[in-house]
Each structure stands twice: as structure tokens, then as C-alpha cells.
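Student: Take this structure, written in C-alpha cells, and hold onto it; I'll ask about it next.
The values are calculated or read from the model by the stated rules, or taken from the named source; none is laboratory data. These numbers were taken from a predicted model, which means no experiment stands behind them. Backbone-built Cβ (ideal geometry, glycine too); neighbour counts: all protein chains shown.
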């Protein structure tokens, strides 16, 4: 599987550990930055790069690491076709894929340690969407809502 990964300064050290693990698990890695530690960088830049790679099909999954995971989640979900979530427990990391077809995992480096982050990434990457009717029905409702938001509202006459 191709995995896009990115991190701002808050997640920079953890990203390096996750890149090594993802490769050890047999996946290809697309490093979307940051490439150097820069305390003045901004998480939306890296979240957007990862999200766009996933949305464009250049990567099947994405992982973004920032300080809390929250900002990365908000930014990534602005890209059509991306279903990103902050997960700090393994159940959510795999269940988000299995039930909701989550395709981007966001982690807070200031919330979870290296070992927990490795467990979360593994749970996320090993999970598969169930395809069950109820999950497909719900996913289609999410996609319809996303499509509706992307459409400009007609002007009142």
C-alpha cells in the first residue's frame, strides 16, 4: 500500500519513527514533509499535501502528525474525498476504517507516545473497509453531504 505521511514541527520527530515502521510493515511511503524541523511551519500545509495525495489516488492512505492531531484533522477534511480522524486508541484507528472508510489517520505527538503511535498506525494500516450494507449506506450519506457542500448555493431571486 502507498501511504502519504506528513507532519509539522509538533509531529516531526514522531514522523521519522512512523516512516521507518510503515516501511518495515511492507508499505511504500510518500513523505509530504516537513523535511526539516522548523518551529515556524504550519500544520495545514502538510495536512493539505497528505490529503490531496490521498484524494488524487497517489496514496491509498495518509497519516498526519501534529501536536494534538485536531488541527490536522480539521485541515485534511477540507479536501473532498478525505475522511480523516484523530485517533488516540487502537479501536478507533481500525474501526474508523472498517465502518467509516477513514483514509487519513491524524495523530497528536503531544498526546500519544512513540509506542502508542506505532500501534495506532499499524491498526489503521491493517484495517479494511467492511463493505457491509449498513456501512455503505452511511458512507454514501457522508459522500452525498460532501457533494452537497461542494455545490454553490443558488442565489435567491
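Student: Does residue 23 satisfy the criteria of being surrounded by fewer than 21 Cβ atoms within 10 Å (Cβ to Cβ), at pLDDT 95 or above and part of a loop (DSSP other than H, G, I, E, B)?
Tutor: So residue 23 does not fit the description; no.
Student: Okay, next question. Determine, yes or no, whether residue 70 is surrounded by fewer than 17 Cβ atoms within 10 Å (Cβ to Cβ) and closer than 16 Å to residue 7 by Cβ.
Tutor: Taking the combined requirement at face value, the residue satisfies it.
For (1) at pLDDT below 95; (2) closer than 22 Å to residue 11 by Cα; (3) buried (at least 18 other Cβ atoms within 10 Å of the Cβ); (4) in contact with a helix residue (DSSP H, G or I) (Cβ under 8 Å, 6 or more places away or on another chain), each residue gets a yes or a no:
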| position | (1), (2), (3), (4) |
| --- | --- |
| 102 | no, yes, yes, yes |
| 110 | no, yes, no, no |
| 114 | no, yes, no, yes |
| 120 | no, yes, yes, yes |
| 129 | no, no, no, yes |
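Student: Which of (1) farther than 29 Å from residue 38 by Cβ; (2) within 11 Å of the chain's Cα centre (by Cα) does residue 75 not meet, given it meets every other one?
Tutor: (1)
Student: Which of the following residues is in a loop (DSSP other than H, G, I, E, B), touching a strand residue (DSSP E or B) at 6+ places or on another chain (Cβ under 6 Å) and closer than 27 Å to residue 143 by Cα: 49, 53, 59?
Tutor: Of 49, 53, 59, the one residue that is in a loop (DSSP other than H, G, I, E, B), touching a strand residue (DSSP E or B) at 6+ places or on another chain (Cβ under 6 Å) and closer than 27 Å to residue 143 by Cα is 59.
Student: A further question on this structure: Can you pull out every residue in the range 1-24 that is more than 18 Å from residue 73 (Cα to Cα) and out of contact with any helix residue (DSSP H, G or I) (no Cβ under 6 Å at 6 or more places or on another chain)?
Tutor: 1, 2, 13, 16, 19, 20, 22, 23, 24 - these are the residues of the range 1-24 that are more than 18 Å from residue 73 (Cα to Cα) and out of contact with any helix residue (DSSP H, G or I) (no Cβ under 6 Å at 6 or more places or on another chain).
Student: Does the range 144-156 include one or more residues that are farther than 16 Å from residue 15 by Cβ and either buried (at least 18 other Cβ atoms within 10 Å of the Cβ) or touching a helix residue (DSSP H, G or I) at 6+ places or on another chain (Cβ under 6 Å) (or both)?
Tutor: Among the residues of the range 144-156, not one is farther than 16 Å from residue 15 by Cβ and either buried (at least 18 other Cβ atoms within 10 Å of the Cβ) or touching a helix residue (DSSP H, G or I) at 6+ places or on another chain (Cβ under 6 Å) (or both), which makes the answer no.
Student: Moving to a separate point now. Take residue 7 and decide whether it is closer than 21 Å to residue 110 by Cβ and in contact with a strand residue (DSSP E or B) (Cβ under 9 Å, 6 or more places away or on another chain).
Tutor: Taking the combined requirement at face value, the residue satisfies it.
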